[in-house]
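Quick note: the coordinates plus some simple rules give every number you see, no bench work behind them. Note that the structure is predicted; figures quoted are calculated from it, not measured. Note that we place each Cβ from the backbone using ideal geometry, even for glycine, and neighbour counts take in every protein chain shown.
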């Protein structure tokens, strides 16, 4: 990609690259966000093209300091290493990647079955190597479907015991799995759906390597009462993800008051990453600039 072709380009950046300047950012330097938002691959491909390295450069040029990639574990080692080198050069921090093959069609951790537990733990071990390669700290874990042949309390014990075993793998490396409750409308039948449930499980596991990924989009659908639930789970939340509802697109495309939520998260002193795990409500370059504008507006709470 030749970034000299951007219609919005101005001047040279401190990184020695051309800086994209949009109507939403009238400065010769990137917008400075109060919170650490992390785009994902594909979000800005109309501007940056399909090459992941070029996309990382564009994210940095727009002032983003982090990046997340659910599929990082599936990418080639060569590409992982190249992306890691690029993130180091651009001072971009790696956010979450998915740590294991999520069981969407059968019980996983809730079943207590040895083969399913062993498969999960083996994938956690392999994800440690991925995390080292890409300088990641957090990895997403979804316990899988409910086992409808077992009482929910027995399922909970099975999940907790497996997560304790996973922590034994992660703790020596300072890595953190973040449990993501998901909504019934997107993923019916899952074991883990609500933040109080995730909070209780993390308390029971009792490890700094087992925390919550609070996905604001999913929890708006599943339980609402967002700020109160964030506050009640605060000690166990290590990571946030973003998406407006309905539609699962950028802030201001739906019903969630993201400015108030971001202000609360900021006021509580959160220093971690907020992943932009959503689509764009408008296609093409116009839609990508709309995403950037939405984050600058929602982040303007100080």
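For helix 284-298, what angle does its Cα long axis make with the longest principal axis of the chain, in degrees from 0 to 90 and rounded to 10?
Roughly 70 degrees between the two axes.
Picking from 140, 86, 228, which is most flexible by a Gaussian network model of the chain using Cα springs under 10 Å?
228
What is the gain in length, in nm to one decimal, between residue 148 and residue 122 on full extension, counting 0.36 nm per residue of separation less the C-alpha to C-alpha distance?
6.8 nm is the gain from fully extending residue 148 to residue 122.
Give me the distance in nm between label points sitting 7 Å out from Cα along the Cα-to-Cβ direction at residue 297 and residue 71, one decimal.
In this crude spin-label approximation the distance works out to 3.0 nm.
I need 258, 295, 252 ordered by Cβ neighbour count within 10 Å, fewest first.
Lowest to highest Cβ neighbour count: 252, 258, 295.
Looking only at the stretch 55-91, which residues have a backbone nitrogen under 17 Å from a spot 7 Å from the Cα of residue 271 in the C-beta direction?
Within reach of a label on residue 271, which here means backbone N under 17 Å from a point 7 Å along Cα→Cβ, the stretch 55-91 contributes 65-66.
Quick one: compute the contact order of the stretch 95-241, relative version, from alpha carbon pairs under 8 angstrom and 6+ residues apart, as a percent.
23
What ranking of 106, 137 emerges when the number of other C-beta atoms within 10 Å of each C-beta is taken as an exposure proxy, fewest first?
Neighbour counts put them in this order, fewest first: 106, 137.
With everything on Cα atoms, drop me the angle between helix 258-267 and the longest principal axis of the chain, reported from 0 to 90° to the nearest 10.
Here the helix axis deviates by roughly 80 degrees.
When you have a sec, figure out the Kirkwood radius of the stretch 95-241 from all distinct Cα pair distances and drop it here in Å to one decimal?
15.1
Which of 250, 286 has the fewest other C-beta atoms within 10 Å, and how do the rest follow up to the most?
Exposure proxy ranking, most exposed first: 286, 250.
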